[in-house]
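The values are calculated or read from the model by the stated rules, or taken from the named source; none is laboratory data. In this text the structure is predicted, and so the values were computed from the model without any measurement. Cβ atoms come from the backbone with ideal geometry, glycine included; neighbour counts cover every protein chain shown.
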Amino acid sequence: MTGFGERLRSAMAARGQLCVGIDPHEQLLHAWGLDATAGGAREFGLRVVEAAAGRVAVVKPQVAFFERYGSAGFAALEDVLVAARAAGLIVIADAKRGDIGSTNDGYAAAWLMPGAPLEADALTVSPYLGVGALSGVIEVALAHGKGVFVLAATSNPEAGALQRARVEGGPQTVAREVVREVSALAGPRTPDGEWSSIGFVIGATVDRAKTGLPDVLTPVAPILAPGFGAQGAAMSDLAGIFDESAPSVLASASRSVLHAGPDGLEAAIDAHNRELKASTHG
């Protein structure tokens, strides 16, 4: 069985480094001429999938914008997940789950178990109840060729104080300690020369030096990078922002693509891809 990291690596080599968000928040639904309902969210998601298929490797549904509609919203999300994976897209469920023990096992069964109604290829998780608490999710992911993206240094400004805080008064930041612990966990599980299936969320707008992040991840881990487009970072700056880690970065874009509307999605995706290609090959 090919691990998620290597599947993602191959898909990015074929389709590039853009990850398109599927974020049907209420204002966008109205702008697209859709109702702010589960049905509207479903239609929105399916249109994004149709535009993204064949143009990018990865899509990332934001779970919150579906679950706000309750059971009907989850049913809509299930349809979007199935359609995206059937179209050959790798799907990251942006659910940011994180808890302990049997609760995390439940999240793993919901999002990463083959055949589950909400099955995705990877899941975003929070380490702030302890990296060790993620062991059950990680075990399920590795057993079934799935991926996990651990929040390390996020692009939202509210997170900075916590993630840059020093661990027990020492020199290590919290974000750096998360990366260290996860990398130590991933190392023995990653064959030489392959990408790890346990990646990180690191914002493109994060001051990496100030946050204490390493220049190089060992083993090489995929990085899901929000912060591009509407949040301020330019796609053309990817190589400069991430330096040696740039080839393993998924540049996540939501609003800067979705605001193009249903008729402009394909053109917006193509424009983002051109910017990324210029950055990484320039």
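Has segment 79-99 got any residue that is at pLDDT below 95, surrounded by fewer than 20 Cβ atoms within 10 Å (Cβ to Cβ) and not aromatic (F, W, Y)? Checked against the condition, which is being at pLDDT below 95, surrounded by fewer than 20 Cβ atoms within 10 Å (Cβ to Cβ) and not aromatic (F, W, Y), segment 79-99 yields at least one hit.
Table: residues versus (1) under 18 Å from Y128 (Cα atoms); (2) basic (K, R).
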{"residue": "R166", "(1), (2)": "yes, yes"}
{"residue": "E181", "(1), (2)": "yes, no"}
{"residue": "L185", "(1), (2)": "yes, no"}
{"residue": "G193", "(1), (2)": "no, no"}
{"residue": "T205", "(1), (2)": "no, no"}
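Residue-level check: of (1) within 22 Å of A267 (Cβ to Cβ); (2) small (G, A, S); (3) crowded, with 16+ Cβ neighbours inside 10 Å; (4) more than 15 Å from the chain's Cα centre (by Cα), A36 misses just (1).
Taking the options G212, G232, G264, name whichever one is over 20 Å from the mean Cα position of the chain (by Cα), loosely packed, with under 15 Cβ neighbours inside 10 Å and either at pLDDT 95 or above or over 24 Å from G3 (Cβ atoms) (or both).
G264
Looking across R97, R9, one residue alone is in contact (Cβ under 8 Å) with a residue 40 or more places away in the chain, in contact with a Phe, Trp or Tyr (Cβ under 8 Å, 6 or more places away or on another chain) and closer than 19 Å to V125 by Cα. It is R97. Of everything listed in (1) surrounded by fewer than 23 Cβ atoms within 10 Å (Cβ to Cβ); (2) more than 19 Å from D263 (Cα to Cα); (3) of a type in the set (G, A, S), the single unmet condition for G54 is (2). Would you point out the residue of segment 145-182, among those that are small (G, A, S) and buried (at least 21 other Cβ atoms within 10 Å of the Cβ), that is farthest from the chain's Cα centre (by Cα)? Within segment 145-182, the match that is farthest from the chain's Cα centre (by Cα) is A175. The residues of segment 1-29 that are farther than 24 Å from A271 by Cβ, part of a helix (DSSP H, G or I) and of a type outside the set (A, V, I, L, M, F, W, C), listed by number, are G5, E6, R7, R9, S10, E26. Among the helices (runs of 4 or more DSSP H) confined to segment 41-132, the ones with at least 1 residues that are among the aromatic types (F, W, Y) and touching a Lys or Arg at 6+ places or on another chain (Cβ under 6 Å) are located at 101-111.
Within segment 189-229, the only residue that satisfies the criterion of being under 25 Å from I269 (Cβ atoms) and of a type in the set (S, T, Y) is T205. Only residues that are under 23 Å from L250 (Cα atoms) and either in contact with a helix residue (DSSP H, G or I) (Cβ under 8 Å, 6 or more places away or on another chain) or surrounded by fewer than 18 Cβ atoms within 10 Å (Cβ to Cβ) (or both) were counted across segment 13-33, and they come to 11. Of the residues in segment 153-197, how many are among the β-branched types (V, I, T) and in contact with a Leu (Cβ under 7 Å, 6 or more places away or on another chain)? Looking only at that region, the number is 2. In segment 193-262, counting only helices (runs of 4 or more DSSP H) that sit wholly within it, the ones holding 2 or more residues that are under 20 Å from Q172 (Cα atoms) and not aliphatic (A, V, I, L, M) span 208-211.
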